[in-house]
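For reference, the structure is listed below as structure tokens.
None of the figures in this text is laboratory data; all of them are computed from the coordinates on show. On a predicted model such as this, the values are computed, not experimentally measured, just so you know. For neighbour counting, all protein chains shown are included, and Cβ atoms are generated from backbone atoms with ideal geometry for every residue, glycine included.
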Amino acid sequence: MQRSLSSLQHDLVPITINVGEDFKSIVWKAQYDMDFNTECLFCFSEQITGYRVEDEEGHSGKVAVCPHCEKVNAIYA
């Protein structure tokens, strides 16, 4: 499953992140945003964490990541 991170941010060129992809391999900069009380899709831990992410070129978006398995669970606005 793929979704453009900037689909909700119309002024930016999109960066693409795959749900299920390893978080560290796709992010250049990440800043904590919020916690979600929902189960991880991959390892079923009880909470996932939201981050604002930005690539080398300044394209940004928000992803929800499991702190245990470090997989991207969702893209949000």
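Within the shell defined by Cβ-Cβ distances under 14 Å, the residues around Y32 carry a net charge of 0, with Lys and Arg each +1 and Asp and Glu each -1.
Net charge within 14 Å of H68 by Cβ-Cβ distance, Lys/Arg positive one each and Asp/Glu negative one each, not counting H68 itself? Combined, the nearby Lys, Arg, Asp and Glu give -3.
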